[in-house]
Amino acid sequence: MGANMARRLKDCGFKVSAVYDVRPEVAQAVAKELGCEAASKLARVTELSDVIVTVVTDDAATERIYGSQGDTLLTGAKGKIFVNCATITPGVHVETERRAEKAGAQSLEACMASSITQAREGSLYLMCGGKKEAFERAKPVLEKLSASMRYIGGAGEAAKVKALVNMVMNINTAALAEGLGLGQALGLDLAILREVFSQTGANSRVLQTDGEDMQNREHSCFFSASHAAKDSGIAVKLAEEIGLNLPLAVATKKQYDRMVAEGLGELDKSGIAELTFKGRHSSKTNSRQQAA
């Protein structure tokens, strides 16, 4: 996602001054392509840039790069603005804003809906949270990355919305896998079944993106099962904190947790079909081979 966002901004005339990745070889390849520096230190990215866009995996990674000690993005950050696109716990976005402001900088969460292709095309849907001033300041960059964006509110608010988006998407994905799995077990033509689904109340965006892949066992990763487990977990935790029972979200998280535990976490989320289609998942080893 980050590499494609950098490519998009370069195409739009922005100067991409530096890239950083925990895998140096990845940063070096992208830097060579874009004609910029492959920074070996986080602080170097901040030194070279006015707007710093971050796309990392989880809470721990976010807290590391926006830390208060050692090599972090907040070293020498006065006057800079940070745009954090990670899908993480809302409270971590709130803490990131606090740390940025303490360093004399601004931060904005820009939670992304869509995937790798949309990042390259600049057609992401962005949900933004933070100070309105930070949102307005980041707009020239965000407008080139997105087809549409919405300012949700203060820090953490966009992250709550994104957690619910992914929670519902993951439930829909699990439900579709069960519907198609049962259809196969009943001897139905899955191409016809998917067409009927598309014309009825069973239709969904997930049917369009994942239905054929589930049928054909094509699980090239656009949004991994491990990320689906993490994101459903964020929503479930939010519900637990306010005493709300979400049985479908909990059940879906357990399915994605199972994929991770059985070595299938790096498959696309559509790989959940490997758990539900009859005869596909007889063992961890067999499933890994069949789903690859």
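Note on segment 6-15: residues that are under 21 Å from SER115 (Cα atoms) and either assigned to a loop (DSSP other than H, G, I, E, B) or not assigned by TED's automatic domain parsing to the domain that holds THR117 (or both) total 1.
All conditions but one from (1) touching a residue at least 24 places away in the same chain (Cβ under 8 Å); (2) out of contact with any Ser or Thr (no Cβ under 9 Å at 6 or more places or on another chain) apply to CYS111; the one that does not is (2).
Of the residues GLU218, GLU178, GLU157, the single one that is touching a residue at least 24 places away in the same chain (Cβ under 8 Å), of a type in the set (Asp, Glu) and under 30 Å from GLU95 (Cβ atoms) is GLU157.
Here GLU195 passes the criteria (1) touching a helix residue (DSSP H, G or I) at 6+ places or on another chain (Cβ under 8 Å); (2) part of a helix (DSSP H, G or I); (3) surrounded by fewer than 19 Cβ atoms within 10 Å (Cβ to Cβ) except the one numbered (1).
Might you check whether a residue that is in contact (Cβ under 8 Å) with a residue 40 or more places away in the chain, in contact with a Cys (Cβ under 7 Å, 6 or more places away or on another chain) and closer than 22 Å to HIS227 by Cα occurs anywhere in segment 142-153? No. Of all the listed residues (GLN199, GLN208), the sole one being closer than 27 Å to LEU264 by Cα, out of contact with any Phe, Trp or Tyr (no Cβ under 6 Å at 6 or more places or on another chain) and either of a type in the set (Ser, Thr, Tyr) or outside the structural domain of ILE81 (by TED's automatic domain parsing) (or both) is GLN208. For residues that are under 18 Å from the mean Cα position of the chain (by Cα) and among the aliphatic types (A, V, I, L, M), scanning just segment 61-96, find the one that is surrounded by the most Cβ atoms within 10 Å (Cβ to Cβ). Taking the candidates together, the pick is ILE88. Among the residues here, MET112 does not qualify as over 23 Å from ALA3 (Cβ atoms), under 16 Å from the mean Cα position of the chain (by Cα) and surrounded by 20 or more Cβ atoms within 10 Å (Cβ to Cβ).
Determine whether segment 223-235 contains at least one residue that is without any contact (Cβ under 8 Å) to a residue 40 or more places away in the chain, within 30 Å of VAL55 (Cβ to Cβ), in a helix (DSSP H, G or I) and of a type in the set (A, V, I, L, M). Yes. Of the residues in segment 140-149, none is farther than 20 Å from PHE14 by Cα, surrounded by 21 or more Cβ atoms within 10 Å (Cβ to Cβ) and among the hydrophobic types (A, V, I, L, M, F, W, C).
The values are calculated or read from the model by the stated rules, or taken from the named source; none is laboratory data. Quick caveat, the model's predicted, so the values are computed rather than measured. Cβ coordinates were reconstructed from backbone atoms using ideal geometry, including for glycine residues, and neighbour counts include every protein chain displayed.
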